Amino acid sequence: MGMTTSAGNAGHYEQIDCYTGVAEADPHQLVKMLLDGALGKIAVAKGLVTRGETPTKGEVIGQAISIVGGLRSSLDLSKGGEIAANLDNLYEYIERRLLEANLNNDLAILDEVAALLREIKGAWESIPQELRSKPELSATAV
């Protein structure tokens, strides 16, 4: 029987906490969690670029690209109108810029992308509570 460490236990509880948060989240909260996740990955990638940890940096930026891709694929372009189309274009731009940042180890691009995601997150968080549960909102403004 192996012994577990405190760090291992903490990681296990963190995974359970994350799973529980996702399972109990409404669509509005899920989008916020994805935006937070992408911002977290970008922050980690900046540290990895600074330390020259290229393989891990590539993995983490790839995870950020996947999160942004998930946000992009959840847009309902047929119902979302101009807002959804603009977000689709912005998410595509962010994905391209993350690829560039990865190829060039460019901290300025990572800062640019983080600022764009923070702006989207701020707009998302400013949606009034009474509008958050409307189906047309979650279909159009992810």
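The figures follow:
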item: The range 116-127 - phi-based ³J(HN,Hα) in whole Hz, Karplus 6.51/-1.76/1.60, Gly and Pro as x; result: 5, 5, 5, 5, 4, 4, x, 5, 5, 6, 7, 5
item: Hull shadow area, averaged, the range 26-140 [alpha-carbon convex hull, nm²]; result: 6.6
item: Environment charge at Arg72 (Cβ cut-off 9 Å; Lys +1, Arg +1, Asp -1, Glu -1); result: -3
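No lab work stands behind these numbers, since they all come straight from the coordinates. Since we're looking at a predicted model, the values are computed, not measured. Note that each Cβ is placed from the backbone with ideal geometry, even for glycine, and that neighbours are counted across all protein chains shown.
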